[in-house]
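Comments concern the structure below.
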Amino acid sequence: AQSVTQPDIHITVSEGASLELRCNYSYGATPYLFWYVQSPGQGLQLLLKYFSGDTLVQGIKGFEAEFKRSQSSFNLRKPSVHWSDAAEYFCAVGAGQGAQKLVFGQGTRLTINP
Amino acid sequence: GAVVSQHPSRVICKSGTSVKIECRSLDFQATTMFWYRQFPKKSLMLMATSNEGSKATYEQGVEKDKFLINHASLTLSTLTVTSAHPEDSSFYICSARDSQTVHEQYFGPGTRLTVT
């Protein structure tokens, strides 16, 4: 069965510092991978996605992620975080027919220190 | 583009009553919509897949008679929590898949349900 693991439940970084959020997946075929961000009490916003092609994917708000098949990873990065980046981040893999079902990781809560 | 709305954003109901949550795709047609449940500080759990004009497909462990899903048009799906109990209190989020961009889902802002 498909699964997604986000090893870090909570991460705190200083404003302006770099960020990397880890995501590992388990999926038999070529995965469709997503990163979403959720602010408190809100729905999810898509940051970026990987379907095929270039393994380094650029997203919105200055985020990027790199697909590494050998490590079954899809880590999210940002070179310099802003206070507004504080939120919950979810990694997901598309599963099932047409990859239409999303299987989410547990989420990583990001706190930004001023 | 690709906006999904949910109504209401918050609802409080008494135990034993039913409550309906609407999910609308505002600027695109969605043949498929999804309903998720999110517990506090937890991830999203897929409850069911809603297909326009046909019966919803429920995930294992989700009671279809308790969580009634109707997808009567290409822009509207509803989730009705019947005979609600306090344990049904949760954050319910819908998403919609644009018929044109098959692999991408757009999420609604969520509905906070509190059953007293």
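Key figures
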item: Matching entry among B:Gln60, B:Gln105 (being out of contact with any Lys or Arg (no Cβ under 9 Å at 6 or more places or on another chain) and either facing chain A (nearest Cβ under 9 Å) or surrounded by fewer than 16 Cβ atoms within 10 Å (Cβ to Cβ) (or both)); result: B:Gln60
item: Failed item in (1) buried (at least 21 other Cβ atoms within 10 Å of the Cβ); (2) at the interface with chain B (Cβ under 8 Å from one of its Cβ atoms); (3) of a type in the set (A, V, I, L, M), with A:Leu46 passing the rest; result: (1)
item: Residues of the stretch A:66-87 classified as in contact (Cβ under 8 Å) with a residue 24 or more places away in the chain, of a type in the set (S, T, N, Q) and either surrounded by 14 or more Cβ atoms within 10 Å (Cβ to Cβ) or within 26 Å of A:Pro31 (Cβ to Cβ) (or both), total; result: 4
item: Count of residues meeting criterion [within 9 Å of chain B (Cβ to nearest Cβ) and either without any contact (Cβ under 8 Å) to a residue 60 or more places away in the chain or assigned to a loop (DSSP other than H, G, I, E, B) (or both)] in the stretch A:88-114; result: 8
item: Among the candidates B:Ser95, B:Ser99, B:Ser83, B:Ser90, residue that is touching a residue at least 12 places away in the same chain (Cβ under 8 Å) and within 11 Å of the chain's Cα centre (by Cα); result: B:Ser95
item: Considering residues of the stretch B:82-102 that are aliphatic (A, V, I, L, M) and either closer than 12 Å to B:Trp35 by Cα or in contact with a Cys (Cβ under 6 Å, 6 or more places away or on another chain) (or both) only, the residue farthest from the other protein chains (Cβ to nearest Cβ); result: B:Ala84
item: Odd one out for A:Thr30 among (1) assigned to a loop (DSSP other than H, G, I, E, B); (2) within 27 Å of A:Asn113 (Cα to Cα); (3) more than 14 Å from the chain's Cα centre (by Cα); result: (2)
item: Answer from B:Arg97, B:Arg10, B:Arg24, B:Arg112 - the residue that is among the charged types (D, E, K, R) and surrounded by 21 or more Cβ atoms within 10 Å (Cβ to Cβ); result: B:Arg97
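We did not get these values from a lab; they are worked out from the coordinates using the rules stated. Predicted model, so just to flag it, every value in this text is computed and none were measured. Quick reminder, even Gly has a Cβ in these numbers, built from the backbone with ideal geometry, and neighbours come from all protein chains shown.
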